[in-house]
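The values are calculated or read from the model by the stated rules, or taken from the named source; none is laboratory data. A quick note: this is a predicted structure, and the numbers were derived from the prediction, not measured. Positions of Cβ are generated from backbone atoms using ideal geometry, with glycine treated the same way; all protein chains shown enter the neighbour counts.
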């Protein structure tokens with residue numbers, strides 16, 4: 001069988017703002033701040049997970065990879081042989097490097113470009129290749145609203161395997177992005193930037209993030225969930241780690257507290273004690289106290305961990321305990337989801353989280369949902 005040409009581009013800084021609560025790493029100043037706060041690389045590790053699952057196909061693939069930090073090192077580390085570096089090896093990479101490498105790959109007639117990054121990286125590749133060839137994202141950013149990402153690195157490897165061995169149909173999928181500056185200020189401004197072709201495997205590709213529709217019924221449902229949580233679930237002297245979202249915000253609103261809409265806040269005895277915390281602040285605050293995690297799934301995608309709330313990291317989940325996770329969601333949101341998803345970056349934690357979980361959907365009403 002003739003070898004297939006696959007392109008791989010890794011954005012080495014993608015996702016570094018997540019655990020430190022910066023909601024992205026667009027721009028040198030934000031990256032410097034993330035590093036100062038102790039952020040560690042995310043994308044290289046996730047690229048290695050993808051490549052390790054793809055390695056059985058090594059002999060069937062000619063890998064055109066971004067030079068150095070942009071894919072070459074990960075491909076060599078995971079044992080791929082037919083590697084052809086594209087571009088220059090640099091200590092600091094940029095969006096222009098991503099675009100240039102993608103264009104060269106297109107000129108070399110790759111069958112598929114796989115990239116490791118977030119929505120910003122997706123936009124860069126869209127600018128370079130448009131609808132001229134299929135693209136697949138390995139989710140590694142903080143914000144991933146686009147519909148071109150696999151649900152996790154292993155799923156990305158499965159898609160590429162099927163693309164090579166069986167052929168998969170292609171579909172046009174949305175490329176979305178968030179204004180990070182507005183996002184950090186608590187305003188969600190999402191735009192549709194265009195479309196790219198994606199190998200179509202609906203069980204393994206995430207959908208676009210759906211915004212909350214705050215109708216009167218939705219607001220009443222959120223309020224009922226919040227009242228039920230406060231009256232029947234909330235315990236004294238317990239720190240509640242409130243994830244992002246309008247449904248979790250309703251809990252604070254009923255308590256006459258102001259929650260960070262797009263960040264993670266800490267609630268204790270009916271009062272928010274810390275706003276917009278990062279992983280380290282959470283761990284320090286709960287070190288000697290009982291704690292619980294309250295999250296709501298992302299509309300249209302179903303993720304409860306790993307998308308937009310990376311501050312609630314595997315370390316935090318281990319410290320709190322899986323038995324102390326509470327999921328809340330309105331009936332409208334849950335109706336649009338077949339299952340819930342997790343992608344924490346820790347395979348052991350993801351596996352432990354899988355199975356059925358109770359979701360509070362109204363006052364005194366709970367549904368069982370599968371986490372897959």
Test each condition in (1) closer than 30 Å to residue 297 by Cβ; (2) surrounded by fewer than 24 Cβ atoms within 10 Å (Cβ to Cβ) for residue 77 and report the one that comes out false.
(1)
Of those in the stretch 103-129 that are assigned to a strand (DSSP E or B) and over 18 Å from the mean Cα position of the chain (by Cα), the residue nearest to residue 190 (Cα to Cα) is 113
The stretch 264-278 residues that are assigned by TED's automatic domain parsing to the domain that holds residue 232, paired with ones that are surrounded by fewer than 22 Cβ atoms within 10 Å (Cβ to Cβ) and at pLDDT below 95 (beta carbon under 6 Å, 6 or more apart)
275/260; 276/260; 276/263
Run down 163, 84 and say which single residue is in contact with a strand residue (DSSP E or B) (Cβ under 6 Å, 6 or more places away or on another chain), farther than 30 Å from residue 304 by Cα and at pLDDT 95 or above.
84
